[in-house]
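Taking it in order: structure first as structure tokens, then the write-up.
No lab work stands behind these numbers, since they all come straight from the coordinates. Since the structure is predicted, the reported quantities are computational estimates derived from the model, not experimental observations. Ideal geometry is used to build each Cβ from the backbone, glycine not excepted, and the neighbour counts take in all protein chains shown.
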Amino acid sequence: MTPASRLLIREETLDPSYLPPKLPHREPELTLLFRRYREALARGVPFHLLLTGGVGSGKTALVRRLAADLERAGRLGEFPAKATYINCWRRASDRTVMLDLLRSVGVSLPDRGYSLSEMLDVLEQGVRRSPAHHLVLLDEASALVKQGTKLVYLLSRAREVGLGSMSLVLVAAEDLLPFLDAPSRSSFGVTHRLALAPYDRDALVAILASRAELALRPGSFDREVLGQIARVAAPGGDARFALELLANAARAAEDAGADSLAAEHVRRAKGSILPTVSETQLEGLSTNQLGVLLAISRSLKRRGTSVPSQKLRASHAALLEELGGPKMSRTTFWRTLKELERDGLVTLDTGASGESSQVAMDELPASFLATLLEERLGRSRVRKA
Ligand SMILES: Nc1ncnc2c1ncn2[C@@H]1O[C@H](COP(=O)(O)OP(=O)(O)O)[C@@H](O)[C@H]1O
Ligand SMILES: [Mg+2]
């Protein structure tokens, strides 16, 4: 590989485990939570939080950022903050979570023979030795809570049972309140709950830009291509998927020896992560649909993340002439585009008032789709003849 084709200069910063220094579009939440924790902890009062949101809405990034910022803030009241992050997905039992907690206060117990209350006693001793505002982040806590955990109850009552200042952060995709016992539920009142909305397209563009600046060589990507990735990821509002697409597209660009990220690399990445277009689906398309899709593919294969509908209509007309087919009315052309949109093959973006729509196809490389369609159209013409 020539040095010029290196795009991913810090690939590890696109990894889901990397915690970015800034979280665009989550700053208001971060500021709010930071303030609430500071105020409570400075008064010596623990603060519990239930954070919910869909996949890739930034829950894990937000709580880890919050914990790191609180730890960095130094003393809050009497003590500094000390956070322990535990992903409960694979360790969905009170005992295994407890062992992790013990390890965080410097005690390592063998995983056998101890009851939960014995472990709590050991935790108490550990906490006494290193007094701090303990922040316990229980990520992916659904299974743990649904199994009827006692830990949430015990830890949220930490002060009463002599465990000192211990704040709980429960993170899950769904609301866990219905699965908690009544006393625990009361620890998660209205101001102790936060639900993250899915990211919209603008937010995804900002997130992609902030991460591309860390991971990719300067000048190797532009706003337009990040906008294309955001468009693909927007229906799920999922930043993780958006970043995975960015990483895969950058790898595709490197593999192709390109010196910058182009729309075709994004389509290649999309097609390989989530293939949505199958030959069978093309099989089901009408000749009109195949023709319009071919015109789109040919336009996009030359360049760009989308093509203005006016321009597309002109190149489609030229294509019909080339294929020797009848002309298509404006109405039929639009109906066909709408059908392709409904089938998830193209995206139509209506710009600001009066502007013509932008037509995009992000599902697979346009050059590849064009070849498939040419074959198919060729065959159907032969059949007709
Ligand atoms: N606001 C943001 N700014 C930058 N990166 C973000 C932001 N939100 C999420 N990410 C990144 O997106 C990916 C998924 O986020 P994550 O916090 O793991 O989502 P969740 O835990 O809700 O599934 C991670 O790589 C994370 O760093
Ligand atoms: Mg997560």
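Filter the GluC sites (Glu not before Pro) in the stretch 1-90 to those in DSSP coil with at most 12 other Cβ atoms within 10 Å of their Cβ, and list the result.
Details: sites: 11, 12, 29, 39, 71, 78; in loops: 78.
Here the sparse-neighbourhood loop sites are 78.
Considering all alpha-carbon pairs of the stretch 132-243, what whole percent are spaced by more than 16 angstrom?
Numbers: 4210 of 6216 pairs.
Of all Cα-Cα pairs in the stretch 132-243, 68 percent lie more than 16 Å apart.
With both partners inside the chain, how many of the DSSP beta bridges are antiparallel, as a percent to the nearest 5?
Values: 8 of 28 bridges.
The antiparallel proportion sits near 30 percent.
For the ranges 360-367, 243-250, 206-213, what's the packing order if you count other beta-carbon atoms within 10 Å of each residue, average per peptide, and put the highest first?
Details: 360-367: 21.5, 243-250: 23.9, 206-213: 20.0.
Answer by packing, highest mean first, reads 243-250, 360-367, 206-213.
Run the dipole for the chain about the Cα centre, Lys and Arg Cβ at +1, Asp and Glu Cβ at -1, nothing else charged, and hand back the magnitude in debye, nearest 20. Don't skip to the end; give the middle numbers.
On the way: 53 positive and 45 negative charges, 59 e Å.
Charge dipole, the chain, about its Cα centre: 280 debye, nearest 20.
Could you estimate the translational diffusion coefficient of the stretch 27-196 from the Stokes-Einstein equation, with Rh from the Kirkwood formula over C-alpha pairs, at 20 °C and 1.002 mPa s, in whole µm²/s? Present the calculation step by step, with values, prior to reporting the outcome.
Working: Rh = 16.0 Å.
Answer from the Stokes-Einstein relation: 134 µm²/s.
Using a basic spin-label model with each label point 7 Å from the Cα along Cα→Cβ, how many nm lie between residue 107 and residue 329?
Once both label points are built, they end up 8.1 nm from each other.
Quick check: pseudo-label points 7 Å beyond the Cα along Cα→Cβ at residue 34 and residue 68, how many nm apart are they?
My value for the distance between the label points is 1.2 nm.
With 15 Å as the cut-off, how large is the P(r) tail for the stretch 50-91, expressed as percent of Cα-Cα pairs? Intermediate results must be reported in sequence, preceding the final value.
Working: 455 of 861 pairs.
Counting every Cα pair in the stretch 50-91, those more than 15 Å apart make up 53 percent.
For a quick check: with amide H placed at 1.01 Å from N, whose amide H comes under 5 Å from residue 50's, ignoring anything fewer than 5 positions away on the same chain?
Close amide H contacts, sequence-distant or interchain: 170, 193, 194.
Dividing the alpha-carbon Rg of the chain by 2.2 N^0.38 Å yields what? Don't jump to the answer; show the numbers that get you there.
Numbers: Rg = 27.0 Å, N = 385, 2.2 N^0.38 = 21.1 Å.
Computed over Cα atoms of the chain, the ratio equals 1.28.
Place a point 7 Å from the Cα of residue 115 along the Cα-to-Cβ direction; which residues of the stretch 153-185 have their backbone N under 19 Å from it?
Residues 153-155, 161-163 qualify, since their backbone N sits under 19 Å from the label point.
Grab the Cα-Cα distance for residue 130 and residue 240, subtract it from 0.36 nm times how many residues apart they are, and report the gain in nm with one decimal.
Values: separation 110, 0.36 × 110 = 39.60 nm, distance 3.62 nm.
That works out to 36.0 nm of additional length.
Okay, which of the stretch 143-162 sit inside 13 Å, backbone N to the point 7 Å along the Cα-Cβ direction of residue 182?
none
Can you put 89, 334 in order of Cβ neighbours within 10 angstrom, beginning with the fewest?
Values: 89 12, 334 16.
Exposure proxy ranking, most exposed first: 89, 334.
Give the value in nm², to one decimal: projected area of the alpha carbon convex hull of the stretch 274-353, averaged over all directions. The partial results should precede the final answer.
Working: hull surface 24.4 nm².
Reported value for the Cα convex hull: 6.1 nm².
Report the convex hull volume per residue for the stretch 199-273, counting only C-alpha atoms, in Å³.
On the way: hull volume 5.3 nm³, N = 75.
In the stretch 199-273, the Cα convex hull volume per residue is 70 Å³.
Modelling each spin label as a point 7 Å along the Cα-to-Cβ direction, I'd like the residue 287/residue 27 distance in nm, to one decimal.
So the two model labels end up 5.7 nm from each other.
How about residue 150: which aspartates and glutamates have a C-alpha closer than 13 Å to its C-alpha, ignoring those fewer than 8 places off in the same chain?
Filter leaves 94, 181.
What size of dipole, in debye to the nearest 20, comes out for the stretch 1-90 about its Cα centre when the only charges are +1 on Lys and Arg C-beta atoms and -1 on Asp and Glu C-beta atoms?
140
Could you pull out the pairs from 22/59; 59/82; 22/270; 270/311; 82/146 whose alpha carbons sit more than 23 Å apart here? Before the final figure, lay out each step's value.
Working: 22/59 14 Å; 59/82 19 Å; 22/270 26 Å; 270/311 25 Å; 82/146 27 Å.
Those over the limit are 22/270; 270/311; 82/146.
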